[in-house]
Structures are given as structure tokens and as C-alpha cells.
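Q: Sharing a structure below in C-alpha cells format, with a few things to ask.
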Amino acid sequence: MFFADLVNILQWWTTILVIGLIFTPITSFIFSNFFDKGYIFTKIISIAFISYTVFVLGFLKILPFTNLTIISSALGFLILNIVLIFKYPNLLISLRRSWKIFFFEEILFLGILFFWSYIHAHQPDIHGLEKYMDYGFINSILRAKYFPPADMWFTPSPINYYYFGHLTTAVLTKLSFLSSSITFNLMLATISALSFTSAFSIGANLLFKLNVTRYMLYAGGLISAFILNFAGNLHTIYLFFKPYANENPLPFWQLIFSPITFPNNYWYPNATRFIHNTIHEFPIYSYVVSDLHGHVLDIPFVLLTIAVLLSIFLKIENLKLKIPLISFLLAVMYMTNAWDGIIYFILAIFIVLYLNAKSKALVIDKKSIKYYVLSIVRNKVYILHTTYYILLLGIGFFLFSLPFNLNFKPFASGIGILCAPKFLLDLGKFGPFLFEPNHCQHSPLWQLFILYGFFYFWIVSFIIFLFKNLKLKIKNLSISDVFVLILIILSTLLIILPEIIYVKDIYPAHYRANTMFKLVYQAFILLSISSGYIIVRLFLNLKSLILNPYLKLGYWVIGLLMLFLVLLYSYFAINSYFGNLKVYSGLNGMN
């Protein structure tokens, strides 16, 4: 059985490698200012473009969803990439020079792919939670001749869900000539591998702009990758305390400290349901429970989008050229996990606002009427210019997602306001806003600290460092500092928003659960990338922040202890779900 799984993994990996290599020229063009030329993103870009092409061809009834159509689409993109090489011959020279980092990232990808394939082979069953639905969607798509695919429960009606991620799984299933009962688990391992290597690339390229050593570059990338893909939250501190008796968690300082009875019946899902009536998951939990769901399938696309925005941020003149690409990725994320399309549309707007302001910055003497008038004109130009880019993003997003939206009915029925005052409760509804009685839930601050204290320990340290050394002036900050600050601002907003509003969906008692889940999942990803960068940034500059050697030692002891606690989560989660890796059952989820 192990040998058969090994062959399947290599067959699957070869498929992804080949289509990724096809897109290497265009990827290196997009990420020309990345030290690794964005190599690892060739895989994600190839999956996105080939799947979308097949989707549109099937939607327009031009070509059926077959292996021939998929291969033809891949060959079409191969021709485009060959043309690109002839047009820009320096691309080939650049690619040859970068082979070492390409090789390193490929080995990293393959290592994580093997690691998670081995893990999933100890509990491969497509059974429980949302696995039936996800597997059903994949098989419905595989049976489809044209799109949209039929819903397996409401045939002949189409699937009314965000199924583009499931479509990419179906495309890779056909292209690899493997059974969906095997590719279900292989796709889970692939998402983990893509997410790990993508986080490495983003973290390393953020540090690349600081001219750090190659060792620090790799260290920062790996720290970001491990935090994003293997870290939980500080809930693991409960490993050292006697468990609380009921479902309502108590602060750990009110419990009996009992390291002798470690791990004290620790139950890993509690870290994702810690705040009453809410969900606050993160990637390692998703990898462990093995649901091939939209929020998991979208992680590689999310990281690709962040990487593209970073590449634009590092080289402003590329903004106009990459607007269609960003619009396309926003549509892909929306069709895979709708909230992500909206969240990263906001991030794209933040980036556009900053870059336009920077590119049009002028020194204005407010005492002069002449310059005052000029400043008004400048501001109008800035507003028009920014609005133009945002409109382009919006139009592109609308057009790319149109084939999907024509057969999709959203589930949301309004935006609820938490703890609305009486006069609004009497009103009941105003436009899209809902004011419902008995809808007043807030998260205790101590619980938010358990969930996000690790991240904000580094964030607060980072802000103090920037303020003390650079006076928090934009002109003094590195471009990477500014990008990370934007990620931190958006992440903080995503954590705060579920304390103010909720999107009304199908859950009556857990009315803010889905809202919190979708928002803070992305906050976790953004904060993980930020933290990897910050840890290395502070390590290289801590002398200017803390002079006393004892305080410096204490600071790192606290920071590394928290890092150990959040990474400890993956050990207990993996062993708990996969039965301590005692029984190897193979990758076939239908056995």
C-alpha cells in the first residue's frame, strides 16, 4: 500500500510540476522584483488560469470538461509563455541564474507534500464534518460535461455554492489520471505544501528589501511559513492547567496549575471555539480535520494575491499592468470562498491609496494661496486617479466572476448591528442593515488575548521600535515596513469588525460565528506573515530597542516561549486526529 501511495504522490506532483513550469516565464515577469522570481507561485497561477479557462469554455458550451480540453488549454498557455520568452529574452537568462532557489523551493514543496500525504494516510476517510459535501461537489464537477455543474442533491439545478476550489481539484484529478478518492487527500496535502512555500517566499521577499544576509532571508521566510501553517494560538497554555468543568472556559489563572498531569486532557478543537457561540479557526486546524472546504482551498490563492500586491508595492510602475491580474485573482477568491474576495479587495484598495499618494506626493506651503490652490488641484487629481484604479478593479472583478454569478444566489440576507440601541431596534431594518433584539454578543478581552496575544506581542514591539528609531515617519520606513503595517491595520480591523457587525446567514443562535470565522481566518494569515518579518526585523535591531542585556534576554525568553506554545498546538492536534500515527491506511479515502 505504501508503494502504491508513493507512486500516486509522484504522479500528482509531476502533474503540478509540469503545468507550473509552463507558467514559469510569465510568473517571473510578474515577480521580476522578487529574489526568487516568484517560482513557487507558478503552480498556483497555472492551476488558477487553466481551471478558469476550462470553466469559461464549459460555461459557454464551447468545449466540454474533458482531459483533452484541459490539456489543450495548458498547451495554449505554453505557446503564450514561449512567445513571452522570445519577446523578452532576458527572462531566460534571469531564470537560469535563479535555479538554486527554484530547486530549494521545489524540494521544500515536495517535502511538505510528502509529510502531509503521510499524515493523511493515517486517517484518510472521507467521512464526517463537511467531507461528504466537498467530495460530492468534486464528483459532481467530474461528471459534468458543461458548467455550471449539477448539484448532487438538487439535480438538475446547479450547485449553489462557492465551488471554484473544488473545480481546481477536479481539473488536477483529470489531469493526473488519478481517482478522486485519492486526490481528495492529495489536494489537502498540496494546499499545505503550496501555503508553506508561498509563505516562505513572501516572508523572505519582505526581508530581501532590507538587504539582510541570505541566512536571515531564509530564516524569516521559514518562520513565516511555520507560523502560518503549523501554529495555533495561546490556548495551548491550558495544557499546563487542570481542565475547566463546563463548556464556558475560565481564565487559566483561575485554574489549578498542574504540569505533572500534562497535557490535562487537552482537546485541540477548543482553541477554535474558545469564544462562546463563535468560530475562530486557523490553517493548521483545517489541515488536521481534513475538510476540503472553500476557506482551505482558497489559501494558496490568498497568498498569491498578497504576493502580487507586494510585488506591485515594491515597484509602483507595475500597478496599471497588474490591475487585470488582481481583478482576476479577486474573482477566483470570491468564487472559491466569497468573503476572501471582499477582504482582499479592501487590501488592494489600501495598496492603491498608498501608492497613489506616494507617487503624487508634493511639499505644500499652506501660507501661499498659489500653492494652496495647487494642492486642491493635486488632491482632485489624486482622487480621480485613485477612483480610476478602484473602478478598474471593480469592473474586472465583476466581469471575471460573471459566469459564476449568473447561476449563484447568495445566502446572506443583511448586515446586523450588534447591541443596537432601542430606537434602531424599533426601526428593525434600514436598507441592508438589520437591528435585531437579543443580538448582543461581545468577546471578553482576555479571550481575545489568548487568541491573538502572540501576534500583538510582536506587533507592539515592532511599533515601539519604529517609533523609537524612525519616529514612525513614512519617509524613514522601509517599503517592507509600510507593507507590513498595512497588513497589521487590515488584520486588526478584521478582528474588531465581528464585535460590531455580523452578516445574517443560516445560523440563528450562532449569528456572528460565520462572520468571525471568515474574517479572523484571514487575519491569522496576514498576522502570521507579518510576525515572521517582525521577528527577524527585531532580532537584527534589538540593540536599538533594549539596551539592558537582562531585559533583552527576558524579552526573547517571553517571545520564544509564546512561539513554542503556539507551535505546540500542531503536535497535539495531529496526534489526536490521526490516532498518534499508529495505523497507516493509505491515501484512498473510500477504503
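Q: Percent relative contact order of the chain, based on C-alpha pairs within less than 8 angstrom and at least six residues apart?
A: Reported relative contact order: 20 percent.
Q: Over 19 Å between C-alpha atoms is what I'm after, so list which of Lys315/Lys358; Lys43/Lys131; Lys37/Lys100; Lys429/Lys504; Lys43/Lys174; Lys209/Lys320 land there.
A: Lys43/Lys131; Lys209/Lys320
Q: Of the beta bridges DSSP finds with both residues in the chain, what % are antiparallel, to the nearest 5?
A: The answer is about 80 percent antiparallel.
Q: Accessible area of His442, 1.4 Å probe, to the nearest 10 Å²?
A: Accessible area of His442: about 100 Å².
Q: Enumerate the amide H contacts of Phe433 below 5 Å, restricted to partners 5 or more residues apart or on another chain; note that Pro and chain-start residues carry no placed amide H.
A: Correct list: Ile415.
Q: Follow-up question, since we're still on this one. Would you mind working out the magnitude of the charge dipole of the range 1-143 relative to its Cα centre, with +1 at each Lys and Arg C-beta and -1 at each Asp and Glu C-beta, to the nearest 20 Debye?
A: 560
Q: Using Cα pairs under 8 angstrom and six or more residues apart, how large is the relative contact order of the range 1-120, in percent?
A: Taking the mean separation of contacting Cα pairs over the length of the range 1-120, I get 29 percent.
Q: Roughly what would the spin-label model give for Leu10 and Asp426, points 7 Å off Cα along C-beta, in nm?
A: Result for the modelled spin labels: 7.6 nm.
Q: Related question: Sorting Cys440, Cys419 by accessible area (1.4 Å probe), largest first, what list results?
A: Ranked from most to least accessible, the order is Cys440, Cys419.
Q: Give me the three principal axis extents of the chain from the C-alpha atoms, as integers in angstrom, largest value leading.
A: Result for the chain: principal-axis Cα extents of 68, 66, 60 Å.
Q: How much area per residue is accessible in the chain when the probe is 1.4 Å and only protein heavy atoms are counted (Å²)?
A: Each residue of the chain exposes 44 Å² on average to a 1.4 Å probe.
Q: In the chain, if the dipole is taken from +1 on Lys/Arg beta carbons and -1 on Asp/Glu beta carbons about the Cα centre, which of Phe257, Ile182, Tyr244 is farthest to the positive end?
A: Looking along the dipole axis, the top candidate is Phe257.
Q: Given the protein chains as shown and a 1.4 Å probe, how many square angstrom of Lys409 are accessible, to the nearest 10?
A: Around 150 Å² of this residue is reachable by solvent.
Q: Grab the other residues whose beta carbon is less than 14 angstrom from that of Pro64, score K and R as +1, D and E as -1, and report the net.
A: Surrounding charge for Pro64 is +4.
Q: Using the Cα centre of the range 470-591 as the reference point, and only Cβ charges (+1 on K/R, -1 on D/E), how large is the resulting charge dipole? Debye, rounded to the nearest 20.
A: I would put it at about 360 debye.
Q: Still on this model: Apply the membrane-span-like helix rule to the chain: whole DSSP H runs, Cα extent along the own long axis of at least 24 Å, mean Kyte-Doolittle hydropathy at least -0.5. List the helices found.
A: Helix filter hits for the chain: 2-22, 41-59, 67-87, 99-120, 180-208, 319-336, 338-359, 369-405, 445-470, 479-496, 513-541, 549-577.
Q: Turning to a different aspect of this structure: So if each residue of separation counts as 0.36 nm, and I subtract the Cα-Cα distance between Phe262 and Leu17, what length gain in nm does that give?
A: 83.9 nm
Q: Now for a separate question. Sequence gap at least 6, Cα distance under 8 Å: using those rules, report the relative contact order of the range 166-266 to the nearest whole percent.
A: Computed over the range 166-266, the figure is 19 percent.
Q: Using the alpha-carbon centroid of each, what span in Å lies between the range 17-47 and the range 94-114?
A: Measuring centre to centre over Cα atoms gives 11 Å.
Q: Going from most exposed to least, what order do Arg97, Arg214, Arg143, Arg512 have by accessible area with a 1.4 Å probe?
A: Descending order: Arg97, Arg143, Arg214, Arg512.
Q: Moving on. Tell me the carbon and sulfur percent of the accessible area for the chain, rounded to whole percent, probe radius 1.4 Å.
A: Exposed carbon and sulfur together represent 71 percent of the surface.
Q: For Arg273, what accessible area in Å² do you get when you roll a 1.4 Å probe over the heavy atoms of the protein chains, rounding to the nearest 10?
A: Arg273 has an accessible surface of roughly 100 Å² with all protein chains in place.
Q: Using the crude model of +1 on Lys and Arg Cβ and -1 on Asp and Glu Cβ, and no other charge, please compute the dipole size for the chain relative to its Cα centre, in debye to 20.
A: Dipole size: approximately 2160 debye.
Q: Now for a separate question. Using helices alone, what [θ] at 222 nm do you get for the chain, with -39,500 (n - 2.57) per DSSP H run of 4 or more residues, divided over all residues and rounded to the nearest 500?
A: My calculation for the chain gives -22000 deg cm²/dmol from helical runs alone.
Q: Please list Glu436, Glu130 from largest to smallest accessible area, probe radius 1.4 Å, with all protein chains kept in place.
A: Glu130, Glu436
Q: Of all the Cα-Cα pairs you can form in the range 1-127, what percent are over 25 Å apart?
A: Taking all Cα-Cα pairs of the range 1-127, the fraction more than 25 Å apart is 38 percent.
Q: Still on this structure, please answer the following. Which residue, chosen from Ser576, Pro89, Phe115, occupies the Cα position most advanced towards the positive end of the dipole of the chain, where the dipole is computed from +1 (Lys, Arg) and -1 (Asp, Glu) charges on Cβ about the Cα centre?
A: Pro89
The values are calculated or read from the model by the stated rules, or taken from the named source; none is laboratory data. Note that the structure is predicted; figures quoted are calculated from it, not measured. Virtual Cβ from ideal backbone geometry, glycine too; neighbours counted across all protein chains shown. Heavy atoms of the whole protein, side chains included, go into the accessibility calculation; ligands, DNA and RNA do not. Shrake-Rupley method; radii C 1.70, N 1.55, O 1.52, S 1.80 Å.
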